[in-house]
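What follows is a single structure, written as structure tokens, with notes after it.
The values are calculated or read from the model by the stated rules, or taken from the named source; none is laboratory data. Quick caveat: nothing in here was measured; it's all calculated off a predicted structure. Counting neighbours? That spans all protein chains shown, and the Cβs are built from the backbone with ideal geometry, glycine included.
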Amino acid sequence: MCSQPIPEGSPDKLIGLDFECDCGKRHTIEVKHVSVGTGVIRNVPQVLRELGLTGRFTVVFDKHIRPLAERHLFPVLDRPGIRYDAVCYEKEDEVKASVESSDELRTMLPKTVDFLMVMGSGTLNDITKWAATVMGVPYVVVCTAPSMNGYTSSISALSVAGFKTTQDITPAAAVIADIDILKDAPIDMIRAGLGDLLSKNVCNADWRLSHLLRDTYFCELPQQMTRRQEKYYLAHARELGERDPEAVRQLSEAIMNSGFSMAIVGESSPSSGSEHLISHYWEMQLEMAGKPLNLHGAQVGVGTLIAAEIYERARNMTPGDVDLDLARRHHKTREDLRALVDRYYGEVADKTFEETEKKLMTWAQKRAMLEKLQSNWEEIWEDVGRFLRPRAELERSLKEVGGPTRASDFGFTRQETYDAIRFSRLMRNRYTILDLTDQLGWLDRWADELAEEFAG
């Protein structure tokens, strides 16, 4: 447990956080300014002055955001002493969150760029902050939807040649989230924000499970940071669906804190576990097939329900259900795993296997770990259970906000859903409930049953 008292409430109270934690890491928040509230976009010039961002900068937006920029941002910036250029990043086809898109964006920028300002949300934010990192310049984010937690994080989820990766980036200098803009975002993006946040239950359980079974790094603080607003947005999901300003503010603050929870530990584990792997698998399959992508947070919400159900099934088992002979028959050698990756990951198989191989275990190592689980069954599940909420509660919130709750809501087939549950674990060097239940020989049957429920 982290003994450092953490300020409660809005994310701006976390600015300047810097201390040595009991977990062994130094936790630092490098973002200099966060404002979440009504009318805060009018303070952008003042924020730039306070942060010493006085050079010539470029505002990046896309064709969907152009009307918002013209209505809300440009009138605020059009004053003496502020020098900026405007770049609308447009493509004939769908803009993808990829290193290639970010490289293309950099070719569109003026020669003189002292810092960048992006007005947008998920994909545009990701490619702009990667561009700023590569260029070595600061950047400012003006948020347009409470749809994901990347605004305040120090990572960027980008594809490289079709393979989903996590890139370290320089955090934003400032994040501006005006509720007057966010509450009017497309309703599916608000729903996606809730879906993304609900995943924190599962991913922190995964992170803890890995620590208990494999002695990997873990810290309690990220979960403490994201749980503070959880009771509110779980209880007021219906109001979120109605664009209630207070509900949108609470969701937005929780999103900012979620981004900070990754930044302070330098990895995405506090916000990305088995539920994100399922979603990433679907995204990669869509990309390889040349099909349009779904909203990330919306898919994550469904992945969260699937993972929460797997956790509930596992917790209802007993030590006597752990069959080491069955686990031995399910043990995969390096060659077995390579064959699986080749079959299910196609053109990105080589990159995927680089991740898969990192968590390869010998049978002796796996047996020792499963015996540890058997011997400490109640203690381990009680510990992991601290981070979880019932699937029914999570599903009720998604239904109340009007969000998707089934893989079939996105058009995924039963087979595509089964494959995501069974084989998404291969794409990351991250131990989750998907790995454990596969090693125990339980996941195959459960994946079949859940594929029928979620896409049958």
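Within segment 428-436, is there a residue that is of a type in the set (D, E, K, R), assigned to a helix (DSSP H, G or I), surrounded by fewer than 21 Cβ atoms within 10 Å (Cβ to Cβ) and in the same structural domain as residue 281 (by TED's automatic domain parsing)?
no
Does at least one position in segment 17-29 carry a residue that is over 13 Å from residue 142 (Cβ atoms), modelled with pLDDT under 90 and touching a strand residue (DSSP E or B) at 6+ places or on another chain (Cβ under 8 Å)?
Yes, because at least one residue in segment 17-29 is over 13 Å from residue 142 (Cβ atoms), modelled with pLDDT under 90 and touching a strand residue (DSSP E or B) at 6+ places or on another chain (Cβ under 8 Å).
Could you please let me know if residue 124 is in contact with a helix residue (DSSP H, G or I) (Cβ under 6 Å, 6 or more places away or on another chain) and either in a helix (DSSP H, G or I) or within 17 Å of residue 53 (Cβ to Cβ) (or both)?
In short, no.
Just name the residue that is farthest from the chain's Cα centre (by Cα) out of those in segment 151-180 that are of a type in the set (Val, Ile, Thr) and surrounded by fewer than 24 Cβ atoms within 10 Å (Cβ to Cβ).
Among residues in segment 151-180 that are of a type in the set (Val, Ile, Thr) and surrounded by fewer than 24 Cβ atoms within 10 Å (Cβ to Cβ), the one farthest from the chain's Cα centre (by Cα) is 179.
Can you name the condition, by its number, that residue 431 falls short on among (1) touching a Pro at 6+ places or on another chain (Cβ under 8 Å); (2) closer than 20 Å to residue 204 by Cα?
With respect to (1) touching a Pro at 6+ places or on another chain (Cβ under 8 Å); (2) closer than 20 Å to residue 204 by Cα, residue 431 is out only on (1).
If a residue has to be modelled with pLDDT of 90 or more and buried (at least 17 other Cβ atoms within 10 Å of the Cβ) to count, how many in segment 228-244 make the cut?
Summing the residues that are modelled with pLDDT of 90 or more and buried (at least 17 other Cβ atoms within 10 Å of the Cβ) in segment 228-244 gives 5.
Whether any residue in segment 269-283 is crowded, with 20+ Cβ neighbours inside 10 Å, hydroxyl-bearing (Ser, Thr, Tyr), more than 14 Å from the chain's Cα centre (by Cα) and outside the structural domain of residue 160 (by TED's automatic domain parsing) is what I want to check.
no
Here is a list: 78, 85, 126, 168. Which entry is among the acidic types (Asp, Glu) and closer than 22 Å to residue 195 by Cα?
Step by step, each of 78, 85, 126, 168 is checked, and only 126 is among the acidic types (Asp, Glu) and closer than 22 Å to residue 195 by Cα.
Mind telling me which of the residues 34, 95 ends up being in the same structural domain as residue 109 (by TED's automatic domain parsing) and either closer than 19 Å to residue 152 by Cα or modelled with pLDDT of 90 or more (or both)?
Answer to the check: 34.
Of everything in segment 189-232, what is free of Cβ contacts under 8 Å to residues at least 40 places away in the same chain and assigned by TED's automatic domain parsing to the domain that holds residue 311? Give them in sequence order.
Of everything in segment 189-232, those that are free of Cβ contacts under 8 Å to residues at least 40 places away in the same chain and assigned by TED's automatic domain parsing to the domain that holds residue 311 turn out to be 211, 215.
Checking residue 131 against (1) part of a loop (DSSP other than H, G, I, E, B); (2) touching a Lys or Arg at 6+ places or on another chain (Cβ under 6 Å); (3) surrounded by 22 or more Cβ atoms within 10 Å (Cβ to Cβ), which single condition isn't satisfied?
(1)
With the requirement that a residue be surrounded by fewer than 17 Cβ atoms within 10 Å (Cβ to Cβ) and either in contact (Cβ under 8 Å) with a residue 40 or more places away in the chain or within 24 Å of residue 19 (Cβ to Cβ) (or both), what does segment 245-260 give you?
If the condition is that a residue be surrounded by fewer than 17 Cβ atoms within 10 Å (Cβ to Cβ) and either in contact (Cβ under 8 Å) with a residue 40 or more places away in the chain or within 24 Å of residue 19 (Cβ to Cβ) (or both), then 245 is the only one that fits.
Out of (1) part of a helix (DSSP H, G or I); (2) closer than 24 Å to residue 205 by Cβ; (3) modelled with pLDDT under 95, the odd one out for residue 351 is which?
Status for residue 351: all satisfied but (2).
Taking segment 404-456 only, how many residues are in contact with a Phe, Trp or Tyr (Cβ under 8 Å, 6 or more places away or on another chain) and hydroxyl-bearing (Ser, Thr, Tyr)?
4
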